[in-house]
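The values are calculated or read from the model by the stated rules, or taken from the named source; none is laboratory data. Since we're looking at a predicted model, the values are computed, not measured. Cβ sites come from the backbone with ideal geometry, for glycine too, and all protein chains shown count toward neighbours. In case anyone asks, the SASA skips ligands and DNA or RNA and just uses the protein heavy atoms, side chains included. Shrake-Rupley method; radii C 1.70, N 1.55, O 1.52, S 1.80 Å.
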Amino acid sequence: TQQDVLDAVAKPVIEDVLNGVNGTIFAYGQTGSGKTFTITGGPSRYEDRGMIPRTISYMFERFRASDAQYKMYISYLEIYQDTGYDLLREDSAQKIEDLPKVQLREDEDGHFHLRNLSVNTATSEEDALNLLFLGDTNRIVAETPMNDASTRSHCLFIIWIESTPPGSDVVRRSKLHLVDLAGSERVSRTGVEGKLLAEAKAINLSLHYLERVIVALHARSKGEKGHVPYRDSMMTSVLRDSLGGNCRTTMVACMAVEPANIDESISTCRFAQRVAQIKNDAKINEELDPSLLIARLKREVAELKQEVSVARGGADGADAEEELSPEDIEQCRALVLQYVSRNADPKESFVCGSVARLRASFRILRDLCNGARGGGG
């Protein structure tokens with residue numbers, strides 16, 4: 001079932017993504033073998049939901065169960081004939097050319113960046129599913145002899161996650177690529193013509209470039225030195241980290257079981273075998289958040305100033321003779337109640353500002369304890 005696929009394939013990758021490790025899951029196989037059904041799901045039954053909607057639901061479930069703060073952002077990229085398009089920018093697009101084009105840029109460190117690809121905030125599961133629905137309505141689909149609704153492009157649903165553990169100034173940033181590759185097809189067998197023929201040629205060429213990268217990485221895993229042709233296509237450039245880089249990558253091999261497709265099924269198995277031997281270098285992506293660091297340092301400075309003030313007052317006795325107003329007493333009571341509340345941070349220090357306030361706070365705490373005992377608590 002689709003839930004079994006999520007449990008066996010996606011959940012280990014999702015858990016790593018929530019902990020700051022990049023992840024990629026991509027479906028590979030011939031046209032009509034079930035790639036889109038696996039990644040996106042079927043349109044009719046709720047049980048047929050694919051990996052993307054189930055991943056979104058599982059992530060928000062984990063968000064609610066965790067003490068950490070999470071933020072989710074979503075992008076949806078379509079690569080059609082080696083040109084990138086943003087599927088989430090125009091809900092009135094009638095054809096692929098109406099969508100904004102996405103350019104690939106490489107920085108001085110060799111990292112690729114997607115320019116003009118929107119990054120959309122998803123504050124709830126409903127927001128994320130609405131973005132998925134919007135992107136799916138803009139995808140290129142056509143009827144072919146092998147599939148009544150064949151996707152004619154490669155699609156990457158990208159989930160960006162930011163997480164901050166409670167009380168920490170370290171932010172973890174990770175991304176999850178859920179990739180639905182267009183299916184390979186033998187033109188001589190399908191007999192397509194015109195636009196479908198041009199699309200089939202572009203799909204087969206891009207998959208050929210992907211296979212060249214896989215073969216080069218497979219050779220590298222055996223100790224051979226050689227060039228890995230990431231730049232041959234947009235898809236291999238975008239997936240550079242996923243293929244031999246900083247990422248945990250999983251491939252789903254989709255195969256058609258009909259005897260006529262046995263050659264394609266064997267080819268898919270061989271491809272999967274080569275992918276399985278690729279060595280990635282996945283690591284946690286975390287860094288100090290300057291704003292959180294500054295806020296923590298300001299709190300520490302304020303606490304130290306108050307502690308110095310208390311120490312000086314206790315040394316010369318002047319602060320101990322301070323007379324507190326009713327407002328001061330109420331402020332001390334509020335501090336004590338906050339300090340003993342269930343929602344209080346156990347690491348938070350108690351600083352009230354003076355020796356007199358500290359004594360008043362102890363008296364308030366004593367009264368609270370005596371009142372609890374007198375009430376039978």
Report task. Could you please tell me which pairs satisfy a Cβ distance under 9 Å, a separation of 6+ or placement on different chains, a first residue in the stretch 245-270 that is touching a residue at least 40 places away in the same chain (Cβ under 8 Å), and a second residue that is of a type in the set (Phe, Trp, Tyr) and surrounded by fewer than 21 Cβ atoms within 10 Å (Cβ to Cβ)? Result -> 251/271; 253/271; 254/37
Requested in this report: Could you tell me whether any residue of the stretch 27-38 is surrounded by 20 or more Cβ atoms within 10 Å (Cβ to Cβ), on the phi > 0 side of the Ramachandran plot, in a loop (DSSP other than H, G, I, E, B) and touching a residue at least 12 places away in the same chain (Cβ under 8 Å)?
Outcome: yes
Query - Boolean, residue 224 is assigned to a loop (DSSP other than H, G, I, E, B) and either open to solvent by 80 Å² or more (accessible area, probe 1.4 Å) or touching a residue at least 24 places away in the same chain (Cβ under 8 Å) (or both) - result: yes
Query raised in the report: What's the number of the condition residue 56 fails, among (1) open to solvent by less than 10 Å² (accessible area, probe 1.4 Å); (2) over 24 Å from residue 245 (Cα atoms); (3) touching a Ser or Thr at 6+ places or on another chain (Cβ under 7 Å)?
Result: (3)
Query raised in the report: Given the residues 315, 311, which is the only one that is open to solvent by 70 Å² or more (accessible area, probe 1.4 Å), modelled with pLDDT under 75, among the hydrophobic types (A, V, I, L, M, F, W, C) and in a helix (DSSP H, G or I)?
Result: 315
Requested in this report: Can you confirm whether the stretch 279-297 contains a residue that is outside any helix (DSSP H, G or I), of a type in the set (S, T, N, Q), open to solvent by 70 Å² or more (accessible area, probe 1.4 Å) and closer than 29 Å to residue 9 by Cα?
Outcome: no
Requested in this report: Considering only the stretch 114-164, give the strands (runs of 3 or more DSSP E) lying wholly within it that have at least 3 residues that are at pLDDT 90 or above.
Outcome: 154-164
